[in-house]
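None of the figures in this text is laboratory data; all of them are computed from the coordinates on show. Nothing here was measured: the structure is a model prediction, and the numbers come from that model. Cβ placement follows ideal geometry from the backbone for every residue including glycine, while neighbour counts extend to all protein chains displayed.
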Amino acid sequence: MGELALPPAGEEQAGEDRIVYDLDGVRDRFEALRREVPGIDVRFAMKACPLDEVLAHLIRLGSGIDAASTPELKHALSVGAQLGRTHYGNTVKSDRDIATAYQLGIRDFATDSLEDVAALIRHAPGARVYCRLATTGEGALWGLQNKFGCSPDDALRILTAAKAGGLVPSGLSVHVGSQQINPDAWHAAFEQFDRVMAALAARDIILDHVNLGGGLPAFDYLDRHGNPLRPPIDKIFLVLREGIAALRRTHGEHLGIIVEPGRYLVADHGTIHTRVVRMTARHLPDGTRQRWLYLGVGKFNGLYEMDMLQYRLVFPSHPEEQMVPAVVAGPTCDSDDAYSSTHGLVQVPSALASGDPVRIVSCGAYAVSYMTEGFNGFPPLPHTCTGGAW
């Protein structure tokens, strides 16, 4: 038998696929947020990128942590998060979850139901609780309007019961939806805070903070036509500054403001390095000829959000070449592992060949969090970090 023929030396192999995080870029985005909205308490929503390097970097910069489970809490504390600036931000938690978090030293909990408050009274005596209000999610790519949050009337009942049970009613929170690009969503949230805080004050419940949650958008996603989305971030920051000032004028300058950015901090500073698996052209049953570009990564190992987002693709070995439309898909034997029809076709170089390098830009949010353990045998992407102290 002859020797096995290997691919050309320049062809990238599956083991070389990786995601690279730019920690200096994360720092710049963190500092921009604190500069644009002075005096806020930033608590990174760690589910967006639970990597030790990223968490430790943000903690050193002065970020607190928004954790949504006891494993996340343990992880955050293990890399240096401060107990006093780490909260349990998930309203869905079991009795055991509450007890474990309390034993870890966590004293700040989100809630949105009387049942959860009753469990907190039993398993986290004296803890501080803030109530999450429901929002419509309008204007966001992911509205998040159904699973979490309660009505203003429920919030009054919940925080009143919390106080009666020995807990400390500390605040209100919202989440206006992930990748929110409508500044009015935050305006509506401030109006809701104002009304509920006034009603609570009438019951002698004075809050010490409001939590604006997440939702701040990434900058570098594309629309369905391949154009940059360009969210109105300056207008969003203006609404935040004005809303905070108005709340403090009405309810006291003591009022603290927490924000929980995730996608905003990390999305645009993570780039996937992969390669072409194959470029094909096939005739569909209706006779239409369609090109497909299969990449080394897809929905199950780095691009879980590809059915909602269109990422910018860069082809280093084909910088100035005729472009053709193609469906972009991952390498697995699963039909969900492809851009959905909402994105249409993507313009790609016509002469792409197996092994050609591809860069997928602005993949830093949720790429690591959502990866499977090895669907179809394709392993999770390894990561590297540049900049910062690493």
Whole-Å distance, taken between Cα centres, linking region 212-283 and region 38-62: 15 Å
Low-density loop positions, trypsin sites (Lys or Arg not before Pro), region 185-255 - DSSP coil, at most 14 other Cβ in 10 Å: Arg203, Arg224
Reciprocal of mean inverse Cα separation for region 89-261 (Kirkwood radius, Å): 16.7 Å
Residue exposure sequence - Ser69, Ser350 - by fewest surrounding Cβ within 10 Å: Ser350, Ser69
Per-q log10 I(q)/I(0), region 169-213, q = 0.21, 0.26 Å⁻¹ (Debye; single scatterer per alpha-carbon; no solvent): -0.69, -0.91
Within region 256-292: backbone nitrogen closer than 13 Å to the Val314 label point (7 Å, Cα to C-beta): 268-274
Fraction of beta bridges assigned by DSSP in the chain that are antiparallel (%, nearest 5): 45 percent
Ellipsoid semi-axes in whole angstrom, largest first, where each is sqrt(5λ) of the Cα gyration tensor of the chain: 43, 22, 19
Size of region 268-385 as Cα extents on the principal axes (Å, biggest first): 41, 32, 25
Mean Cα-pair separation over length for region 316-390, i.e. relative contact order, pairs under 8 Å, 6 or more apart, %: 29 percent
Karplus-derived 3J(HN,Hα), 6.51/-1.76/1.60, for each residue of region 39-54, Hz, glycine and proline x: x, 7, 9, 7, 10, 4, 6, 5, 4, 5, 6, x, 8, 3, 4, 5
Debye log10 I(q)/I(0) at q = 0.11, 0.13, 0.24, 0.26 Å⁻¹ for region 242-332, Cα point scatterers: -0.53, -0.63, -1.32, -1.39
Exposure rule at most 13 other beta-carbon atoms within 10 Å, DSSP loop GluC sites (Glu not before Pro): the chain longest free segment: 4-252
Cross-link reach list, lysines versus Lys147, counting only Cα pairs under 20 Å and skipping chain neighbours closer than eight places: Lys47, Lys93
